[in-house]
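Down below is the structure, laid out as structure tokens.
The values are calculated or read from the model by the stated rules, or taken from the named source; none is laboratory data. All values reported here derive from a predicted model rather than from experimental measurement. In this analysis, Cβ positions are derived from the backbone assuming ideal geometry, glycine residues included, and neighbour counts consider all displayed protein chains.
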Amino acid sequence: MGPAPSPAVSLVEIMKETDSKMMAVAPCSNTDKYFAESMIPHHQGAIKMAEWELQNGKNPQLLNTSHSIMTSQTQEIAEMQQYLSQLPIRADCASAPAPSPSSPGMGGMTMSSMNMPMMSNGMAGMSSRMTMGMSKSPLASAMTPSGMQESAMLSTMDAMMAPSGAPLSGNPDHDFAIMMSQHHQAAIDMANVELKYGTFQPLLILAKQIIAAQSEEIQEFCIILAQDYAIPCTAAGSK
């Protein structure tokens, strides 16, 4: 695992880097392969966000959850890499190598300089399909009309970077809870796509585990935001 992101690296940058890596994954009509290859960089992003919180945050509950995220998602990355080696290489599916968990983070802008809106009416806007000024994914043009599962997976990636309204505050715990909630919701949405279209049993089991664990953590973040920052939210979770 690479070095923890420095305070100069913002959660926004980690999210943008994660989104870029996910968009680089070749679209594939084999949903199991596409899910695993997309979820690996998504998990890597969550690990970097958890490392950032451990370095910058103070809330004991969030620090404990960050440790849990790092442990569980590191294990899940290893499982998905193993499952990918067991899947057949489809002729209509470009082979995209899984990114290394130790890929370096980005430096530069701070959360305050980004001034990025993330919440409106709590977490209700989390699944908005708007983008934050970013170009439309090039993967969209590569899809065929029959690529229903590809379209669904891409929509969840777009949602991860969608604004949801209230600005980040610069308080590490506040901003981590907001952004990790949105990041988790994208993982849940992707897992639901896998459950709908996937066929590889180990990945279907993993998708259910992701939904259960990350729904619980979203609820935890929601309670912290409500109690500590007076931000009403509805934990979307497994919906």
If we keep only residues of segment 51-91 that are assigned to a helix (DSSP H, G or I), of a type in the set (Gly, Ala, Ser) and surrounded by fewer than 16 Cβ atoms within 10 Å (Cβ to Cβ), then the residue farthest from the chain's Cα centre (by Cα) is Ser85
Pairs under 6 Å by beta carbon, first residue more than 18 Å from Gln86 (Cα to Cα) and acidic (Asp, Glu) in segment 16-42, partner surrounded by 24 or more Cβ atoms within 10 Å (Cβ to Cβ) and modelled with pLDDT of 95 or more, six or more apart or different chains?
-> none
Determine whether Lys48 is surrounded by 23 or more Cβ atoms within 10 Å (Cβ to Cβ), in contact with a Pro (Cβ under 9 Å, 6 or more places away or on another chain), among the basic types (Lys, Arg) and over 24 Å from His174 (Cα atoms).
-> no
